[in-house]
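Please read through the structure below; I'll follow up with questions.
The values are calculated or read from the model by the stated rules, or taken from the named source; none is laboratory data. These numbers come from a predicted model, not from an experiment. Here Cβ is always computed from backbone atoms with ideal geometry, including for glycine, and neighbour counts include all displayed protein chains. Just the protein is used for accessible areas: all its heavy atoms, side chains included, with ligands, DNA and RNA removed. Shrake-Rupley method; radii C 1.70, N 1.55, O 1.52, S 1.80 Å.
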Amino acid sequence: MGWRDDAPAATAYAEANEGRLARVTEQHRSGYIVDDGEREFPVQAPAPWTRKSFPPEQRAAVGDWVRLKDDEDLILDWLPRFGLLKRAAAGEHYKQQLIAANIDRVLVVCGLDGDFNPRRLERYLVLVRGSGAEAVFVLTKADQLGRADIDMAVEVLQSLEEAGARIVALNARSLESVSVLHPLLGPGITAVLVGSSGAGKSTLTNALLGIERQKTNTVRANDSRGRHTTTHRALLRLPSGGCLIDTPGMRELKLTGEETLDRSGFDRIEELAAQCRFRDCQHEREPGCAVQSALEADELDPGALANYRKLQGELAQARAVVKQRERQGPRGPKRR
């Protein structure tokens with residue numbers, strides 16, 4: 001189930017006075033499904049977790065290790081995490097939505113059709129870097145393109161690869177093609193699968209499992225978008241020995257404010273910015289701007305620069321909201 005003796009959870013569990021060990025495989029409104037290594041079964045959440053005002057990040061998420069009462073199927077608490085993937089929930093309050101906990105790798109699935117969007121993949125890398133896990137971009141539907149077109153798509157994502165991410169192009173319907181992922185999903189490894197609806201996540205999950213467990217649907221011909229076939233997050237055991245957390249399609253990738261843009265595919269832009277004549281250069285019309293010089297020389301993708309600026313603005317806004325919320329405390333601003 002991905003248990004590691006060198007992980008923070010192991011130390012905390014060894015120091016605990018009581019409790020049975022289990023891992024969260026599903027999270028529902030009414031409770032959780034856990035696996036203790038022998039069977040899966042439902043458990044109740046602690047009463048405070050069921051309150052609407054309880055911070056989401058303080059509840060257990062899929063992939064968390066939890067302690068259960070010795071004589072009752074009730075969660076006592078969750079054990080310390082590593083590799084936590086999260087995003088900000090919709091709305092203006094920047095509440096966190098936990099995607100998966102205790103993960104080693106994030107498989108970002110993107111179809112080589114109308115779903116292919118380098119700017120969105122840059123945003124994914126920012127979120128994955130914030131989780132502490134390794135990013136693997138899985139380009140599906142490679143069987144629909146020729147070799148030259150596949151190579152061109154991979155080349156477009158070169159900045160992500162230079163930032164340390166892996167890029168794999170494959171046919172999710174081919175067991176032989178998918179086998180390239182098996183070495184990344186060995187014993188003790190937990191990966192989470194994310195991407196848009198219709199990108200091929202469910203098809204890829206079935207191929208990795210070796211059985212038709214997840215439902216699959218065709219995508220719309222006009223925009224390559226699919227319908228949600230996965231309705232909730234679930235941790236699955238793989239024949240390769242690892243664990244895979246499947247998730248519903250994500251339409252919005254909102255930053256929490258805790259991320260940075262370091263090693264997220266914008267290294268070239270930041271290197272150029274450091275060469276500008278003025279330290280506070282806005283990279284617009286200032287003299288001696290290395291970024292503008294690179295744009296004029298076609299050495300920099302203007303779309304990447306625009307996305308970099310956009311993400312910078314979102315991060316600044318999110319951080320301001322988070323700081324204001326921290327100053328106000330859990331009860332919010334005082335009413336007069």
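Mind ordering 39-47, 55-63, 255-263, 126-134 by average Cβ neighbours within 10 Å, highest first? Can you show the working numbers first?
Numbers: 39-47: 13.9, 55-63: 18.6, 255-263: 16.8, 126-134: 21.3.
Descending packing order for the listed peptides: 126-134, 55-63, 255-263, 39-47.
Treating only the Cβ atoms of Lys and Arg (+1) and Asp and Glu (-1) as charged, compute the dipole magnitude of region 128-194 about its Cα centre; round to the nearest 20 debye.
Details: 5 positive and 8 negative charges, 47 e Å.
It works out to roughly 220 debye.
Another question, if that's okay. Rank G164, G146, G210 by mean-square fluctuation in a GNM of the chain with C-alpha springs under 10 angstrom and give only the top-ranked residue.
The residue that fluctuates most here is G146.
With the other protein chains left in place, how much accessible area per residue, in square angstrom, belongs to the chain at a 1.4 angstrom probe?
Numbers: 17840 Å² over 336 residues.
With all protein chains present, the chain gives 53 Å² per residue.
Same structure, new question: Net charge near I189, counting Lys/Arg +1 and Asp/Glu -1 over other residues with Cβ under 13 Å of its Cβ?
Working: positive: R4, R105, R237; negative: D104, E134.
Its environment carries a net charge of +1.
Counting Lys and Arg as +1 and Asp and Glu as -1, each charge on the Cβ, what is the dipole of region 281-323 about the Cα centre in debye, to the nearest 20? Walk me through the numbers before you get to the answer.
Numbers: 5 positive and 7 negative charges, 90 e Å.
That gives region 281-323 a dipole magnitude of about 440 debye.
Same structure, new question: Is it possible to state the helix-based mean residue ellipticity at 222 nm for the chain, with each DSSP H run of 4+ residues giving -39500 (n - 2.57), the sum divided by total residues, to the nearest 500 deg cm²/dmol? What is it?
Helix contribution divided over all residues of the chain: -8000 deg cm²/dmol.
Oh, and also: Tell me the label only: which of (i) 20.5, 73; (ii) 27.6, 102; (iii) 21.6, 72 is Rg and Dmax of the Cα atoms in Å as calculated from this structure?
Given (i) 20.5, 73; (ii) 27.6, 102; (iii) 21.6, 72, the structure-derived one carries the label (iii).
What number comes out for the charge environment of R319, summing +1 per Lys or Arg and -1 per Asp or Glu over other residues with Cβ under 12 Å away? It would help to have the intermediate numbers written out before the result.
Working: positive: K323, R325; negative: E258, E259, E314, E326.
Every neighbour counted, the sum reads -2.
Here is a further query. Compute the acute angle (0 to 90°) between the alpha-carbon long axis of helix 302-328 and the principal axis of greatest extent of the alpha-carbon atoms of the chain; round to the nearest 10°.
Roughly 40 degrees between the two axes.
Now for a separate question. Which are the unpartnered cysteines of the chain, meaning those with no other cysteine Cβ under 4.7 Å from their Cβ?
Lone cysteines by the Cβ rule: C110, C243, C289.
Within the chain, what is the number of lysine pairs with alpha carbons under 22 Å apart, leaving out pairs fewer than eight places apart on the same chain?
For the chain, the number of qualifying lysine pairs is 22.
Here is a further query. For region 63-148, just say rounded, prolate or oblate: build the C-alpha gyration tensor, square-root its eigenvalues into a ≥ b ≥ c, call rounded for a/c under 1.5, and beyond that prolate if a/b exceeds b/c, oblate if not.
Cα axes put region 63-148 in the prolate bin.
Next up: With contacts defined as alpha carbon pairs under 8 Å and 6 or more residues apart, what's the relative contact order of the chain in percent? Provide the component values of the computation, followed by the final result.
Values: 638 pairs, mean separation 51.8, N = 336.
Once normalised by length, the contact order is 15 percent.
Sticking with this structure for a sec: Taking the Cα centre of region 288-330 as the origin and placing charges on Cβ (Lys, Arg +1; Asp, Glu -1), which of L311, C289, Q324 is farthest toward the positive end of the dipole?
So the residue we want is Q324.
For the chain, modelled as a Gaussian network with Cα springs under 10 Å, which listed residue fluctuates most, K141, K52, K95?
Fluctuation is largest for K52.
Can you find, among T203, L185, P239, the residue farthest towards the positive end of the dipole of the chain? Put +1 on the C-beta of Lys and Arg, -1 on that of Asp and Glu.
The Cα lying farthest towards the positive end belongs to T203.
Given the options A207, A318, A12, which has the most mean-square fluctuation in a GNM of the chain, springs set between C-alpha atoms less than 10 angstrom apart?
In this elastic network of the chain, the residue with the biggest mean-square fluctuation among A207, A318, A12 is A12.
Here's another thing I want to ask about it. Calculate what fraction, in whole %, of the accessible area of the chain sits on carbon and sulfur atoms when a 1.4 Å probe is rolled over the protein chains.
On the way: 8210 of 17840 Å².
The C+S portion of the solvent-accessible surface of the chain is 46 percent.
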